[in-house]
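Some notes on the structure that comes next.
Please treat every number below as a calculation from the coordinates, not as lab data. In this text, all values refer to a predicted model and were calculated from it rather than measured experimentally. Glycine gets a Cβ as well: all are built from the backbone with ideal geometry, and neighbour counts include every protein chain shown.
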Amino acid sequence: MPPRDELAVGGGSGASVALRVLIAEDEWLTATALRSQVESHGYEVVGTVGNGTEALDLCSSAVPDLVLMDVQMPGMDGLEATRALMTKSPTCVVIVTGRGQLRSEAEKAGAMCYVLKPLLNSQIPSVVESSRRRFQIFLQVLGYVQDPEEARRVWLIVRRAVEAQEEKQGVSEEDAFRLIEQRSSRDNESLLEAAEAVLAADGVA
């Protein structure tokens with residue numbers, strides 16, 4: 001299944017379409033509260049599930065625009081589910097967890113954002129929008145690399161280079177990525193080579 005194109009949500013002419021969100025959370029009270037919060041911002045919750053296997057199944061049938069994914073769930077956990085989803089059908093995943101030491105693992109799995117519980121109602125719009133913007137950059141990386149598994153590996157390097165450019169140049173994520181693309185084209189480098197060169201130039205290991 002091709003990746004979900006986030007730009008289609010609310011874009012184009014006519015009425016906007018509500019962002020479709022899947023919630024993967026095994027604690028019923030937490031899932032219920034999160035669903036209410038998400039819906040209060042006008043997003044459509046396509047379903048709530050309690051483990052990673054159910055998340056993959058519902059992603060396949062409901063095709064959400066964004067997944068709010070817990071980590072510790074019975075059976076397949078959230079990190080494993082994110083890796084599988086990003087390989088099979090790349091989707092914007094936000095890891096929402098009470099474990100603060102898993103940020104690196106979440107990024108390696110392909111998550112666009114990592115948020116510590118509790119996810120406050122006031123945080124939801126900014127988390128959703130920043131994750132969607134980052135996912136658009138990932139889709140562009142996927143366009144260069146084609147293979148989702150390899151795109152996830154390249155994305156880790158590109159993401160670090162984008163962050164370095166953001167800090168150094170004072171630009172947005174989108175503009176930082178364009179700078180890397182321009183370098184790739186100018187110097188006849190692959191996107192990965194351009195990102196690695198940016199990191200080397202900035203002294204980032």
The base-10 log of I(q)/I(0) that the Debye equation returns for the chain at q = 0.09, 0.13, 0.14, 0.18 Å⁻¹, one scatterer per C-alpha, is -0.34, -0.71, -0.82, -1.25
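Can you order the peptides 36-47, 109-120 by their average number of other Cβ atoms within 10 Å per residue, highest first?
So the order, starting with the most tightly packed, is 109-120, 36-47.
Just need the relative contact order of region 6-132 here, percent rounded to a whole number, with Cα pairs under 8 Å and 6+ apart. Please report the intermediate quantities before stating the final value.
Numbers: 218 pairs, mean separation 26.8, N = 127.
Computed value for region 6-132: 21 percent relative contact order.
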Rounded to the nearest 10, the angle in degrees between the Cα long axis of helix 173-186 and the longest principal axis of the Cα atoms of the chain comes to 40
Reduced to Cα centres, the span from region 102-124 to region 166-196 in Å works out to 25
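If contacts are Cα pairs under 8 angstrom and at least 6 residues apart, what is the relative contact order of region 61-205 in percent?
Numbers: 170 pairs, mean separation 24.6, N = 145.
17 percent.
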For the chain, longest principal axis from Cα atoms; helix 52-62 axis from its Cα atoms; angle between them, nearest 10 degrees, is 90
Taking Cα atoms only, helix 28-40 is inclined relative to the longest principal axis of the chain by an angle, in degrees rounded to 10, of 70
Between residue 182 and residue 27, the two model label points (7 Å from Cα along the beta-carbon direction) sit apart by a distance in nm of 4.6
Two pseudo-spin positions, 7 Å from Cα along C-beta at residue 175 and at residue 103, lie apart in nanometres by 2.4
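Just the Kirkwood number for region 134-199, please: inverse of mean 1/r across all distinct Cα pairs, in Å, one decimal. Mind dumping the intermediate values first?
Working: mean 1/r = 0.0875 Å⁻¹.
This gives a value of 11.4 Å.
Among DSSP beta bridges whose residues both lie in region 59-160, state the antiparallel percentage, nearest 5. Mind dumping the intermediate values first?
Numbers: 0 of 8 bridges.
Antiparallel bridges: around 0 percent, rounded to the nearest 5.
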